[in-house]
Amino acid sequence: MEIIAVIGCGAMGRGIVKNLVKSGYRVYIYDASEAAVRYCEELGAIPNASSYQAAQQAELVITSLPGPEIVNNVMLGAEGVFAALKPGSFVLDMSTIDPKTAQNLYESAKGQQVHFYDCPLSGGPKGADEGKLTIMVGGDEVHVSAFRPVLDSIGENIFLLGPSGSGQVAKLCHNMLVAVIKAGLGEAMTVGEKAGLSRGQLAEVLQSGSAHNRVLDVFGDNILKNEYENVLFSLAHMSKDIHLYTETADYYQADSPLGQMVSGMYQEALKDGKGNLDSSAICDSGSKIIT
């Protein structure tokens with residue numbers, strides 16, 4: 001497997017492209033953003049006029065897209081990725097979507113003799129750039145060995161989790177916990193500041209005790225400065241993911257009181273105009289606490 005198409009070359013996709021090219025793959029790309037395409041072209045990727053055209057030339061397609069609706073639009077229909085691919089080809093969707101959509105796409109791909117896997121990511125743009133992503137894989141395990149080298153070229157921790165949709169369930173559960181931790185940090189930092197502690201003092205205590213968390217390691221610079229223009233993962237995207245988490249909980253008939261609560265907090269932050277800030281802006285000392 002030497003020829004790969006990457007559709008979606010944004011913050012995550014460009015790191016994926018970089019490491020695929022570095023690993024010796026021939027990489028065709030498509031993105032609606034001309035700037036994203038130019039950036040990846042400079043890395044050695046080959047631009048295409050559409051996702052259909054990029055997929056036509058590939059044995060395996062990786063997609064990194066904003067959400068379920070656009071993933072459906074890119075995959076399905078006469079000009080969709082599934083229609084463009086030869087039988088026996090692979091699609092690894094590295095977007096964050098809901099498991100129901102992933103399962104439906106798996107069935108649609110199967111009808112066209114294409115192997116579809118949900119492969120959402122963790123590690124952010126930095127992890128993508130360094131080829132150190134965590135990849136959560138849902139789909140038929142029997143075929144994974146065929147594309148495992150592709151995963152290894154962009155990821156450091158690969159988890160084969162079960163049937164279609166399993167990767168998305170893991171990713172949404174992961175992001176729900178990240179969202180809850182960020183909201184908790186925001187409240188704790190605000191209370192600490194009101195009582196006279198600096199954010200730095202409190203963070204040092206937290207990271208030395210049982211409350212130690214990687215969220216503060218990754219997003220700490222934003223949180224400690226109480227400045228959120230440095231976007232590692234946008235608040236709008238986190239809000240979308242937590243909404244998908246609550247929908248997934250409903251789909252599986254599971255209670256999600258914490259998910260519902262934190263989803264409300266992120267929705268309120270969106271209304272306050274913080275969608276384009278980093279998701280750690282939920283820790284803004286001016287944020288409202290929603291109960």
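The values are calculated or read from the model by the stated rules, or taken from the named source; none is laboratory data. Predicted model, so just to flag it, every value in this text is computed and none were measured. In this analysis, Cβ positions are derived from the backbone assuming ideal geometry, glycine residues included, and neighbour counts consider all displayed protein chains.
Structure values in brief
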{"read-out": "Cβ pairs under 8 Å, 6+ apart, first in segment 251-277 and more than 10 Å from SER239 (Cβ to Cβ), second assigned to a loop (DSSP other than H, G, I, E, B) and acidic (Asp, Glu)", "value": "TYR251/ASP98; LEU277/GLU229"}
{"read-out": "Breaking point among (1) more than 21 Å from the chain's Cα centre (by Cα); (2) at pLDDT 95 or above; (3) surrounded by 17 or more Cβ atoms within 10 Å (Cβ to Cβ), for GLY200", "value": "(3)"}
{"read-out": "Among the candidates SER89, SER50, SER33, residue that is of a type in the set (Ser, Thr, Tyr), within 23 Å of GLU141 (Cβ to Cβ) and in the same structural domain as GLU107 (by TED's automatic domain parsing)", "value": "SER89"}
{"read-out": "Some residue of segment 86-96 being without any contact (Cβ under 8 Å) to a residue 40 or more places away in the chain, outside any strand (DSSP E or B), under 17 Å from ALA5 (Cα atoms) and not small (Gly, Ala, Ser)", "value": "yes"}
{"read-out": "Answer from ALA179, ALA188, ALA249 - the residue that is closer than 24 Å to GLY10 by Cβ, in a helix (DSSP H, G or I) and either modelled with pLDDT of 95 or more or in contact with a helix residue (DSSP H, G or I) (Cβ under 8 Å, 6 or more places away or on another chain) (or both)", "value": "ALA179"}
{"read-out": "Filtered residue count, segment 117-136, keeping only those that are crowded, with 24+ Cβ neighbours inside 10 Å and over 13 Å from the mean Cα position of the chain (by Cα)", "value": "1"}
{"read-out": "So VAL114, is it within 22 Å of the chain's Cα centre (by Cα), of a type in the set (Val, Ile, Thr) and either closer than 27 Å to ILE158 by Cα or outside the structural domain of CYS173 (by TED's automatic domain parsing) (or both)", "value": "no"}
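Residue by residue, here is whether (1) within 18 Å of VAL74 (Cβ to Cβ); (2) outside any strand (DSSP E or B); (3) touching a helix residue (DSSP H, G or I) at 6+ places or on another chain (Cβ under 6 Å) holds:
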| residue | (1), (2), (3) |
| --- | --- |
| LYS18 | no, yes, yes |
| ALA32 | yes, yes, no |
| ALA35 | no, yes, no |
| GLU41 | no, yes, no |
| TYR52 | yes, yes, yes |
| ALA55 | yes, yes, yes |
